[in-house]
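> There's a structure below that I have some questions on.
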């Protein structure tokens with residue numbers, strides 16, 4: 001393959017205390033938290049809004065904020081939840097269950113929180129390179145409509161979901177299972193003209209006449225997993241339906257193929273719901289699909305500590321924990337085979353908690369092994385696949401995001417690297433902002 005040496009002199013447009021790559025739930029939580037502590041923060045986001053999966057990708061629901069007894073995504077997550085309730089009341093009073101998302105409300109809540117915190121940010125801007133030396137990040141290179149520019153910071157937070165910044169800086173990472181297979185993605189969707197009075201009478205997440213639809217060749221692929229459609233507004237539904245198997249979110253060629261497939265199979269689900277499910281879905285029609293594919297898994301950055309399935313099973317407690325969470329193990333089947341789906345169903349139904357149970361999240365999962373001045377937050381923190389499938393959801397991202405933002409603020413105050421942050425000082429600050437840390441004695 002031919003190669004091209006590409007050299008440019010570009011401006012260092014921003015010199016800040018904290019740089020955040022990615023404006024999804026973890027990135028917004030990190031930036032708001034660090035800015036509220038007085039740090040100079042700059043964030044770049046590739047889409048035209050904050051929120052990532054919950055906005056640009058149209059993921060229709062938050063997984064639980066609570067374990068049924070304790071509000072686990074407390075602090076930043078509870079503030080988002082409360083602000084959403086105050087706007088239109090679509091976020092109900094059951095934070096222990098999944099909570100439907102009104103996309104436009106969520107965009108505006110993030111906009112308001114960012115404006116109030118006062119940090120700098122740029123939409124429609126991608127990081128395209130990282131300059132690092134001896135494990136220390138020196139600059140990130142970004143691309144926007146005005147061209148290329150660089151940012152220099154004291155500490156860098158990777159909230160890209162895919163671990164791009166950390167991986168490009170040289171951090172170790174893992175992807176997928178032992179065969180390299182990753183969870184499939186979903187192109188989420190928005191639907192209009194659903195009769196929710198009738199639809200709500202149906203048992204949730206049932207495979208209504210799927211075998212009939214498979215027999216009648218409605219679908220391109222036989223996908224036995226049907227998460228469903230959430231009630232997100234009057235007559236409106238948010239669809240988490242259809243899987244794009246084999247997608248690699250770190251490869252734009254794979255993403256392109258997945259988006260084309262996702263848009264194709266969405267039309268097939270319209271036929272399925274209208275003709276086979278019925279019961280309020282007979283007249284539904286497609287209002288839109290996500291600008292981003294819903295990605296469940298890509299890189300997992302290897303950190304100083306790797307959170308593993310045994311920690312879920314043990315309801316683990318850590319001396320350096322920066323939060324606790326409780327969502328069940330949710331490793332979607334890597335293929336459309338019935339055997340893979342049966343294995344998913346077994347884990348999904350057995351690896352879950354009773355009300356009031358939760359596991360600890362240690363600070364070490366935010367510290368990329370081999371990087372001195374970097375932190376990770378959100379979907380790419382240091383876990384095995386089982387724990388990634390639990391912690392990857394939006395309330396979990398709020399927990400790790402606010403902890404990364406607070407750690408970055410302490411780095412700036414103390415003049416140290418993230419590993420030099422006194423854990424008790426970090427925990428004390430998190431508790432002061434409302435985080436749920438029941439094992440911190442103070």
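> What is the packing order of peptides 135-143, 381-389, taking the mean over residues of other C-beta atoms within 10 Å and listing the highest first?
Numbers: 135-143: 19.6, 381-389: 24.2.
Those peptides, ordered most packed to least, come out 381-389, 135-143.
> Taking the chain as the reference, fit the longest principal axis to its C-alpha atoms, fit the long axis of helix 423-432 to the helix C-alpha atoms, and give the angle between the two in degrees, 0 to 90, nearest 10.
60
> Please determine, in degrees from 0 to 90 and to the nearest 10, the orientation of helix 338-350 with respect to the longest principal axis defined by the Cα atoms of the chain, where the helix direction is its Cα long axis.
Long axis of 338-350 versus the principal axis of the chain: about 70 degrees.
> Could you work out the Kirkwood radius for segment 283-322, taking every pair of different alpha carbons, averaging 1/r and inverting it, reported in Å?
Working: mean 1/r = 0.0684 Å⁻¹.
Answer for segment 283-322: a Kirkwood hydrodynamic radius of 14.6 Å.
> Taking 22 Å as R0, compute the FRET efficiency from the Cβ-Cβ separation of residue 15 and residue 134 and round it to 0.05.
With R0 = 22 Å, the Cβ-Cβ based efficiency is 0.60.
> Express the Stokes-Einstein translational diffusion coefficient of segment 369-430 in µm² s⁻¹, to the nearest whole number, given a Kirkwood radius over alpha-carbon pairs, 10 °C and a viscosity of 1.306 mPa s.
On the way: Rh = 12.3 Å.
Estimated via Stokes-Einstein, D reaches 129 µm²/s.
> I would also like to ask the following. Suppose the Debye formula is applied to equal point scatterers at every Cα of the chain; what is log10 I(q)/I(0) at q = 0.06, 0.07 Å⁻¹?
For the chain at q = 0.06, 0.07 Å⁻¹, log10 I(q)/I(0) is -0.24, -0.33.
> Starting with the fewest neighbours, write out 9, 146, 337, 66 ranked by other beta-carbon atoms found within 10 Å of each beta-carbon.
Going from least to most buried by this count: 9, 146, 337, 66.
> How big, on average over all directions, is the shadow cast by the Cα convex hull of segment 189-289, in nm²?
Average of the hull's projected areas for segment 189-289 equals 6.3 nm².
> If you line up the Cα atoms of segment 254-334 on their principal axes, what length do they span on each, largest first, in Å?
54, 32, 22
> Please report the antiparallel percentage of the DSSP beta bridges confined to the chain, to the nearest 5. Spell out each step's value before the answer.
Working: 37 of 56 bridges.
Of the beta bridges lying entirely in the chain, close to 65 percent run antiparallel.
> On to the next question. Could you put 412, 380 in order, starting from the residue whose Cβ has the fewest other Cβ atoms within 10 Å?
Numbers: 412 20, 380 31.
Starting with the residue having the fewest Cβ neighbours, the order is 412, 380.
> By average Cβ neighbour count within 10 Å, what is the ranking of 234-242, 161-169, 116-124 from highest down?
The most tightly packed comes first, giving 161-169, 234-242, 116-124.
> Another one. For segment 1-87, what value does the Rg/Rh ratio take when both radii are computed over Cα atoms and Rh is the Kirkwood radius, given to two decimals?
On the way: Rg = 17.8 Å, Rh = 15.8 Å.
Dividing the radius of gyration by the Kirkwood radius yields 1.13.
> How much length is gained on full extension from residue 274 to residue 314, taking 0.36 nm per residue of separation minus their Cα-Cα distance?
10.0 nm
> Mind sorting 379, 83 by how few other Cβ atoms lie within 10 Å of their own Cβ, fewest first?
Result, fewest neighbours first: 83, 379.
None of the figures in this text is laboratory data; all of them are computed from the coordinates on show. Note that the coordinates shown come from a computational prediction; the quantities given were computed from them, not determined experimentally. Here Cβ is always computed from backbone atoms with ideal geometry, including for glycine, and neighbour counts include all displayed protein chains.
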